[in-house]
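The structure under discussion appears below in the form of structure tokens.
The values are calculated or read from the model by the stated rules, or taken from the named source; none is laboratory data. Computed from a predicted structure; not experimentally measured. Virtual Cβ from ideal backbone geometry, glycine too; neighbours counted across all protein chains shown. Side chains included, ligands, DNA and RNA excluded: accessible areas come from the protein's heavy atoms. Shrake-Rupley method; radii C 1.70, N 1.55, O 1.52, S 1.80 Å.
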Amino acid sequence: MEEMQQHNMSWIEVQFLKKAVDVLCQCRTVLMYTYVFAFYLKKNNQSIMFEDNQKDLENATECLSEYLERDISADSLVDIKQKVQDKYRYCESRVNVLLQHVHEGYEKDFWEYNEVL
């Protein structure tokens, strides 16, 4: 954030980075728990949809992480800001979709579990 402020951006203009890091942490936390959840699911159409949603979130999370790791120059500042904001908003929506699918599965009894190994 300090680096971006050195490129003539105000404190308020760089707050998107804090939001992006918060979303990145939320995505990684959700993924951490959904990997375990998916491990115990029996394969059926709902579990395949769940794993597709999970994979989409995983890809978007990795892309957001890559954007945040890039070096920032004055030339790429506006471009990076737009890409980061677009990606963290997409990640937020994917987290919501994934969690809504889990809740819907509980409500409608979609989930079938493997026996303990």
**Looking only at segment 16-38, and only at residues there that are without any contact (Cβ under 8 Å) to a residue 12 or more places away in the chain and of a type outside the set (S, T, Y), the one that is nearest to E104 (Cα to Cα)** = V36
**Among the residues listed as M32, M4, M49, the single one being modelled with pLDDT under 90, assigned to a helix (DSSP H, G or I) and of a type in the set (A, V, I, L, M)** = M4
**Request:** Please identify the pairs in which a residue from segment 48-70 that is in contact (Cβ under 8 Å) with a residue 40 or more places away in the chain has its Cβ atom under 8 Å from the Cβ atom of a residue that is open to solvent by 90 Å² or more (accessible area, probe 1.4 Å), counting only partners at least 6 apart or on another chain.
**Result:** Q54/Y35
**Cβ-Cβ under 6 Å pairs, at least 6 apart or on other chains, segment 92-117 side of a type in the set (D, E, K, R), far side part of a helix (DSSP H, G or I) and open to solvent by less than 100 Å² (accessible area, probe 1.4 Å)** = E92/V23; R94/D56; R94/L57; R94/A60
**Item:** Every residue from segment 36-83 that is surrounded by 12 or more Cβ atoms within 10 Å (Cβ to Cβ) and of a type in the set (S, T, Y)
**Value:** Y40, S47, T61, S65, Y67, S76
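Tally time: how many residues in segment 60-116 are part of a helix (DSSP H, G or I) and among the small types (G, A, S)?
4
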